[in-house]
Every structure is written in structure tokens, then in C-alpha cells.
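Before anything else, here's the structure in question.
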Amino acid sequence: MFAIYRPIEREHAGTQYDPIPWVYGMDSYNGKYYSYEGKTYLCKSDMLPCVWTPGTAGLWQWEVVS
């Protein structure tokens with residue numbers, strides 16, 4: 001159902017100091033920052049929708065920053 005329904009976040013700016021809380025299936029955009037399980041990640045590629053959790057081993061699209 002991700003083709004029709006995707007989680008949307010409008011409360012956070014997606015900056016390193018105001019990361020977007022990552023939710024399975026949300027659209028993740030290159031250059032935006034996301035938080036997941038207490039860490040902040042930089043998204044390095046658009047993933048529409050994103051089904052790979054930040055921190056997945058071997059996945060270059062997420063870079064942990066803190």
C-alpha cells in the first residue's frame with residue numbers, strides 16, 4: 001500500500017539539529033537528516049518510499065552523523 005499511503009512528517013526541518021524521525025515506508029530525501037533509535041543519519045539518496053532502516057549494514061544511502 002506504499003504506492004497509495006505513505007507516512008508524512010511536517011513537524012521537523014530535516015536538518016542535523018532538527019532531524020525527521022524516520023518511519024518505515026516514508027519518503028526519505030537526499031541531503032535531509034533523519035533520527036532513528038537515538039542516532040542521527042544523513043540520507044545520501046532519495047528513497048521513495050524507504051524500506052531500509054537507517055543503519056542497515058552495507059547500505060551506503062544512510063550515513064550516521066551522531
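For residues in the range 11-41 being of a type in the set (A, V, I, L, M) and free of Cβ contacts under 8 Å to residues at least 24 places away in the same chain, which is surrounded by the most Cβ atoms within 10 Å (Cβ to Cβ)?
It comes out as I20.
Out of all the residues in the range 32-52, which are over 18 Å from I8 (Cβ atoms) and touching a strand residue (DSSP E or B) at 6+ places or on another chain (Cβ under 7 Å)?
Correct list: K39, T40, Y41, L42, K44.
The numbers here are math on the coordinates, done by the rules we state, and not lab data. All figures in this text were calculated on a predicted structure; none of them were measured in a lab. Every residue, glycine as well, gets a Cβ built from its backbone with ideal geometry; the counts of neighbours run over all protein chains shown.
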